[in-house]
Amino acid sequence: AGDVTVISLTVASRMFMSAGETLTLKLPGFTGGDATFDVFWTPSLSTVVNGGTWNSAAQEVTVQLATDIAPNSVVSASVPSTAGIRVPLIGVRTNQATIQISTSASLGPIIPTPA
């Protein structure tokens, strides 16, 4: 706890999402200065240069999709430790409801929902 971390985000999309749309992860209690960073996506093996941001005041990571995502696809994004995001001193719990995900998907934005 309290250490800089890599954040891995895996999403099973139920709808079409376009390249350039965003996923936002609310991370209450996480710290670190504001940052912009490259986002690496799998399975496409694509990198979005400066495609991610950490907003310390909002405690949110936002990542931009590298490619279109078809319905029922599973994709993963990696936020590097160089983003400087630190885990809360009290740590995190499995299925912690305060960690939430949302999207900017044009076919149906999703409001913050437990991740």
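The values are calculated or read from the model by the stated rules, or taken from the named source; none is laboratory data. These numbers come from a predicted model, not from an experiment. Note that we place each Cβ from the backbone using ideal geometry, even for glycine, and neighbour counts take in every protein chain shown. For accessibility, only protein heavy atoms count, side chains too; no ligands or nucleic acids. Shrake-Rupley method; radii C 1.70, N 1.55, O 1.52, S 1.80 Å.
Side notes on the structure shown:
- Placing unit charges on the Cβ atoms of the charged side chains and taking the dipole of the chain about its Cα centre, the candidate lying farthest along the positive direction among 103, 33, 2 is 2.
- Size descriptors for the stretch 1-75: radius of gyration and Dmax over Cα atoms are 12.9, 36 Å.
- Accessible area in square angstrom per residue, the chain, 1.4 angstrom probe: 54
- Phi-based couplings in Hz for the stretch 47-56 (Karplus 6.51, -1.76, 1.60; Gly and Pro marked x): 10, 9, 5, 6, x, x, 9, 10, 9, 5
- Expressed as a whole percent, the accessible surface of the stretch 10-115 that belongs to carbon and sulfur atoms is 57, based on a 1.4 Å probe.
- Extension gain for the segment residue 49 to residue 81, taken as residue separation times 0.36 nm less the Cα-Cα distance, is 10.0 nm to one decimal.
- Taking a Cβ cut-off of under 14 Å around residue 103, the surrounding Lys, Arg, Asp and Glu residues balance to a net charge of -1, with basic ones at +1 and acidic ones at -1.
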